[in-house]
């Protein structure tokens, strides 16, 4: 089950049903099935609190993914800062919606085992993000 929650922000303008189908499709393309996935949309203050409390990182970020996978079933809590998504969209010349979709799927790709911190991993993540974004039905872009 894929659920969407908000803490201190309004629900972003996404089609939850379409996002659920898309996430399932991307997971399947990586040989995985979806279990319980919780998207928690927050502001910068909350993402900083989560980052400090659980990861001891004192900085803002667009997404924090807590991985509860079991075998080939992906599950997790994905905290997304809508403030940082908006800021990053402006920095990279994307729309808010485009950047939000990228971050939504970025967390799923982490749950599928794709990393982005080591040498060469960022390029692999970006390639997978682009492939996943291409699967998103045009009616949702």
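Out of everything in region 1-20 that is closer than 17 Å to residue 134 by Cα, surrounded by 15 or more Cβ atoms within 10 Å (Cβ to Cβ) and in contact (Cβ under 8 Å) with a residue 24 or more places away in the chain, what residue ends up being farthest from the chain's Cα centre (by Cα)? Step by step, filter region 1-20, then rank; the result is 14. Residue count for region 101-133 under the criterion of being in contact with a strand residue (DSSP E or B) (Cβ under 8 Å, 6 or more places away or on another chain), in a helix (DSSP H, G or I) and either farther than 18 Å from residue 50 by Cβ or modelled with pLDDT under 95 (or both): the result is 1.
In contact with a strand residue (DSSP E or B) (Cβ under 8 Å, 6 or more places away or on another chain) and modelled with pLDDT under 95: which single residue out of 24, 70 fits that description? The match here is 70.
Considering only residues that are assigned to a strand (DSSP E or B) and in contact with a helix residue (DSSP H, G or I) (Cβ under 7 Å, 6 or more places away or on another chain), which ones fall in region 69-82? Answer for region 69-82, where residues must be assigned to a strand (DSSP E or B) and in contact with a helix residue (DSSP H, G or I) (Cβ under 7 Å, 6 or more places away or on another chain): 74, 76, 78, 79, 80, 81. Annotation: of all residues in region 37-63 being in a helix (DSSP H, G or I) and in contact (Cβ under 8 Å) with a residue 12 or more places away in the chain, the one that is farthest from residue 8 (Cα to Cα) is 54. Every test in (1) outside any helix (DSSP H, G or I); (2) free of Cβ contacts under 8 Å to residues at least 40 places away in the same chain; (3) over 19 Å from residue 4 (Cα atoms) is passed by residue 66 save one, and that test is (3).
Restricting the search to region 1-36, which residues are over 20 Å from residue 83 (Cα atoms), in a strand (DSSP E or B) and touching a helix residue (DSSP H, G or I) at 6+ places or on another chain (Cβ under 7 Å)? Hits for region 1-36 are 2, 33, 34.
The values are calculated or read from the model by the stated rules, or taken from the named source; none is laboratory data. As the structure is a prediction and not an experimental result, all values here were calculated from the model. Quick reminder, even Gly has a Cβ in these numbers, built from the backbone with ideal geometry, and neighbours come from all protein chains shown.
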